[in-house]
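Q: Below you will find the structure I want to go over with you.
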Amino acid sequence: MRHLPLIISLSLLSLVGAGEGHRAWAHGVQIEYQATQAYEIQAAYDTGTPMADAQVAVYSPDEPSEPWLTGTTDAQGRFVFSPTTPGNWEVQIRQAGHGDILVIPVGDGGAGSASGSSNSYTPLQTGLMIGSVLWGCIGTALFFSRSIKR
């Protein structure tokens with residue numbers, strides 16, 4: 001029992017990491033778009049690192065099973081396209097097993113003034129993940145701190 005504070009401290013330290021560059025949810029993706037005459041999509045990981053050269057597939061509302069346009073993001077994670085018909089356009093961005101799908105609503109006038117984003121996890125999901133990790137660390141610390149009875 002006397003080692004319990006040390007075990008809990010080491011467990012929490014391993015969760016926090018040694019520096020800012022270590023994030024527990026680094027695999028999430030954030031995709032944003034901004035509409036003018038065309039839609040500019042900005043794709044980045046949760047750490048803020050752009051998804052450079054990520055694969056992009058744009059699906060029109062008229063033919064949702066076949067890509068209307070394919071390409072890659074630039075070095076800053078940007079991709080631009082101009083939709084031709086109104087409806088919900090789906091944009092899928094993938095890189096090294098990470099990615100997301102963004103639905104962009106296009107009105108009757110084509111590209112209008114709109115903006116939006118897509119996040120991988122809701123605040124509730126993030127809170128549940130953090131709570132689960134903490135609960136597991138505390139349980140592990142308590143398991144190893146118990147005294148062995150002979």
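The values are calculated or read from the model by the stated rules, or taken from the named source; none is laboratory data. Computed from a predicted model, the values in this text were never measured in an experiment. Using ideal geometry, Cβ is built from the backbone for each residue, glycine included, and neighbour counts are taken over all protein chains shown.
Q: Of the residues that make up the range 23-41, is at least one charged (D, E, K, R), modelled with pLDDT of 85 or more, over 30 Å from residue 132 (Cβ atoms) and surrounded by 13 or more Cβ atoms within 10 Å (Cβ to Cβ)?
A: Checking the range 23-41: at least one residue is charged (D, E, K, R), modelled with pLDDT of 85 or more, over 30 Å from residue 132 (Cβ atoms) and surrounded by 13 or more Cβ atoms within 10 Å (Cβ to Cβ).
Q: Are there strands (runs of 3 or more DSSP E) fully within the range 31-87 with at least 2 residues that are touching a Pro at 6+ places or on another chain (Cβ under 9 Å)? List them.
A: 39-45, 55-59
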